[in-house]
Amino acid sequence: MIMKAKEFAGIIPPVLTAFTQQGEIYEKGIREIVSYVLPHVDGLYPVGTYGCGPMMTVPERKRALEIVLDEVNGKVPVVAHVGAADTVTTVELAKHAKKAGASGVGAICPYYSPHLPEDCLFAHYASLIDAVGEEQFPVFLYNNPHYSQNPVTPGLLARLAAYGLRGCKDSSFDFVNFLLYQNAVSAYSDFNLIIGTEAIFLGAFEAGATGCVCGMGNIYPELMAKMLDQFRKGDKAGAMQSQRLILSLRQITKRWPTVAVMHSILRMRGVDAGHPRRPYADIDEASQKIVRSELGKLGLI
């Protein structure tokens, strides 16, 4: 699907990747997860943090993306996460994503090389933009300082926007940072700044966010779609009620490794979601009972 950066908007799950118990890509599971979320969402962001992208080999990442794109079949835009620990691999994955039919790419800062000089980060993204970036195939920066240990300053974001970066997924969980990012790219009307968490959804959308890459969209995409609809209709009380419910849901999923809990919840909801990638492990039976009980208290199962 061809799109411009601003068209990557609305509810965008960072879709999970399903694996077998032996750790191999589980195509049926990936297709079931995608099919499950598609009726409720506006885009997908696969092979990222929730999709265990950094835990996969390069061929596995390519294959997982190809399965997602085939199952989506052009129904919504797919921006592939291609971030890696090095520039060469990032560019290789981006070229593959473009050829495979993705709508754009996003990349976390190089990880395992903490506190890189700003010029190194600029050169990394400039190489990515040079390789694949164009108006109808935008490059997004994925700001996740917790995992990359390379935070992107507003000044660097402005430099990259001037160079050709056309979007940013901000997963800093820092609302002030989000506002500073807005100021930094305000000269570029086609720049798309989206929020990378449902935790501050309402505040970010009130401030002008266009989309949300939301982990909870993997397991309850209909709740995320409902909150967006309430926000757009001006139902502030309803939207706030939904925001609080989603925060309660997050508290359940954060008691264990979130990706593992989500695979379990999807199975509870009738989705053959396979298993998480090792070193993640399925949560045990006692934990599953707690999850089911807590979801029941919220009226979610």
request  = Roll a 1.4 Å probe over the protein chains and send me the accessible area per residue for the chain in Å².
outcome  = 41
query = Given segment 1-64 reduced to its alpha-carbon atoms as identical point scatterers, what log10 I(q)/I(0) does the Debye formula return at q = 0.12 Å⁻¹?
reply = -0.33
query = Out of these labelled values of Cα Rg over 2.2 N^0.38 Å, (1) 1.16; (2) 0.94; (3) 1.00, which was calculated from the coordinates shown here?
reply = (2)
key: Neighbour net charge for Phe122 - beta-carbon separation under 15 angstrom, K R +1, D E -1   = -2
request  = Classify segment 32-72 as rounded, prolate or oblate, taking a ≥ b ≥ c as the square roots of the eigenvalues of its Cα gyration tensor: rounded when a/c is under 1.5, otherwise prolate if a/b is larger than b/c and oblate if not.
outcome  = prolate
ask   = What are the radius of gyration and Dmax of segment 70-227, computed over its Cα atoms and given in Å?
value = 15.0, 42
remark   = As a percent rounded to 5, the proportion of antiparallel DSSP bridges among beta bridges in the chain is 15
key: Inter-centroid distance (Cα atoms) of segment 138-153 relative to segment 226-279, Å   = 23
task = May I ask you to work out the translational diffusion coefficient for segment 158-301 at 37 °C, viscosity 0.692 mPa s, via Stokes-Einstein with Rh from the Kirkwood sum over Cα pairs, reported in whole µm²/s?
result = 196
inquiry  = Set the bar at 22 Å for Cα to Cα. Now go through Lys28/Lys75; Lys6/Lys62; Lys233/Lys297 and name every pair that lies beyond it.
reply    = Lys6/Lys62; Lys233/Lys297
remark   = Over the chain, the sum of -39500 (n - 2.57) across DSSP H runs of at least four, divided by residue number and rounded to 500 deg cm²/dmol, gives at 222 nm -14000 deg cm²/dmol
ask   = Name the residues of segment 219-263 whose amide N is less than 13 Å from a point 7 angstrom out from the Cα of Ala281 along the C-beta direction?
value = 257
ask   = Gly106's amide H: which non-local residues (gap 5+, or another chain) put their own amide H closer than 5 Å, with H modeled 1.01 Å from N in plane and none for Pro or chain starts?
value = Ala80, His81, Val82, Phe140
message = Just to verify a number: FRET efficiency for Cys120 and Asp174, C-beta to C-beta distance, R0 = 22 Å, to 0.05?
response = 0.45
query = Roughly to the nearest percent, how much of the accessible area of the chain is carbon and sulfur, given a 1.4 Å probe?
reply = 52
request  = Report, largest value first, the span of the C-alpha coordinates of segment 14-136 along each principal axis, in whole Å.
outcome  = 42, 36, 22
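The values are calculated or read from the model by the stated rules, or taken from the named source; none is laboratory data. Predicted model, so just to flag it, every value in this text is computed and none were measured. Positions of Cβ are backbone-derived with ideal geometry, glycine not excepted, and every protein chain shown enters the neighbour counts. The area values use the complete protein model at the heavy-atom level, side chains included, leaving out ligands, DNA and RNA. Shrake-Rupley method; radii C 1.70, N 1.55, O 1.52, S 1.80 Å.
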